[in-house]
Amino acid sequence: MKYYTDHTCHKDRMPRHLQHVVREIMLMVLLILILASSMGCEKIKQQAGYMILNNQSRYAVNFMGETWKQSFNVTYDDAGNKLAEGHYAVTRDGQTGSLKVGEWTEYYPISGQIKSKGNYKISSYPSCGMTPYIQHYNYKAGHWEYYDGNGSEKASGVYQLKKFELHNNCSGGTKIQFGVIGQNWRMNDSLKNSIHEWDVLKEFQLVPQGNSSIGVNENGELVRE
């Protein structure tokens, strides 16, 4: 009886049962990536990965809507007239950001009279996709005062915090909180009849966010300009 020896090398060939396991793992990873790019923001928050999102947050914001670090800033126009003063939020890596926080005062450039005075807070919402991240934004909060160029009060009152639907790249969108003018506001006669016109209202509702502004229009809708 003769015996034959198979000299073919099999040491680099993966056993069939392991090949099946690897294929299953790859399919699961692909499925997770697809779901992560399309799932709603609320589902993202329910995943363990939401803690990673918080760690990737650019600003460290406390429960009061304020950053732990702030940088005082005074803004002037080209002629040297003071336009505004207040604090900007400082990022986790120590850089002064573009988001206002705390009390800010704006001035009319020629007369130097106060134009507006009040507080900003910071909030955030998740942005979904293959690489989710936290997007921060400003909103006006608490008591604000607005004046005309002669120093007479135009309007004053407390912003009411409300939540709005924001349609972004998350499935089903997300929610954003924003300060809006309430019925308890005091306004001069020239504003009472025109405050519901957007050209007038946006002075009180639009808040700069980098290269654009967001606010709540006369129809109670969140808009970006």
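The values are calculated or read from the model by the stated rules, or taken from the named source; none is laboratory data. Since the model is a prediction, treat every value here as computed from it, not as a measurement. With ideal geometry, Cβ positions are generated from the backbone for all residues, glycine too; neighbour counts draw on all protein chains shown. The accessibility values were calculated without ligands, DNA or RNA, using every heavy atom of the protein model including side chains. Shrake-Rupley method; radii C 1.70, N 1.55, O 1.52, S 1.80 Å.
Structural remarks
- Residue check for Arg186: over 21 Å from Thr67 (Cα atoms), charged (D, E, K, R), touching a strand residue (DSSP E or B) at 6+ places or on another chain (Cβ under 9 Å) and at pLDDT below 85: no
- All of Ser156, Ser213, Ser116 fail the test of being among the small types (Gly, Ala, Ser) and either within 13 Å of the chain's Cα centre (by Cα) or assigned to a loop (DSSP other than H, G, I, E, B) (or both), apart from Ser213.
Residues are listed down the side, and each one gets a yes or a no for (1) crowded, with 16+ Cβ neighbours inside 10 Å; (2) among the charged types (D, E, K, R); (3) over 22 Å from Ile176 (Cβ atoms):
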residue: Glu85; (1), (2), (3): no, yes, yes
residue: Ser98; (1), (2), (3): no, no, no
residue: Lys140; (1), (2), (3): yes, yes, no
residue: Tyr146; (1), (2), (3): yes, no, yes
residue: Lys163; (1), (2), (3): no, yes, no
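- Only one of the numbered conditions (1) closer than 16 Å to Arg224 by Cβ; (2) without any contact (Cβ under 8 Å) to a residue 40 or more places away in the chain; (3) open to solvent by less than 40 Å² (accessible area, probe 1.4 Å) is violated by Gly157, and that is (1).
Every residue, every condition in (1) more than 21 Å from Pro126 (Cα to Cα); (2) buried (at least 18 other Cβ atoms within 10 Å of the Cβ), yes or no:
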{"site": "Cys170", "(1), (2)": "no, yes"}
{"site": "Gly179", "(1), (2)": "no, yes"}
{"site": "Gly182", "(1), (2)": "yes, no"}
{"site": "Ser190", "(1), (2)": "yes, no"}
{"site": "Ile195", "(1), (2)": "yes, no"}
{"site": "Leu201", "(1), (2)": "yes, yes"}
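- Meets criteria (in contact with a Phe, Trp or Tyr (Cβ under 9 Å, 6 or more places away or on another chain), surrounded by fewer than 17 Cβ atoms within 10 Å (Cβ to Cβ) and part of a strand (DSSP E or B)) for Ala89: no
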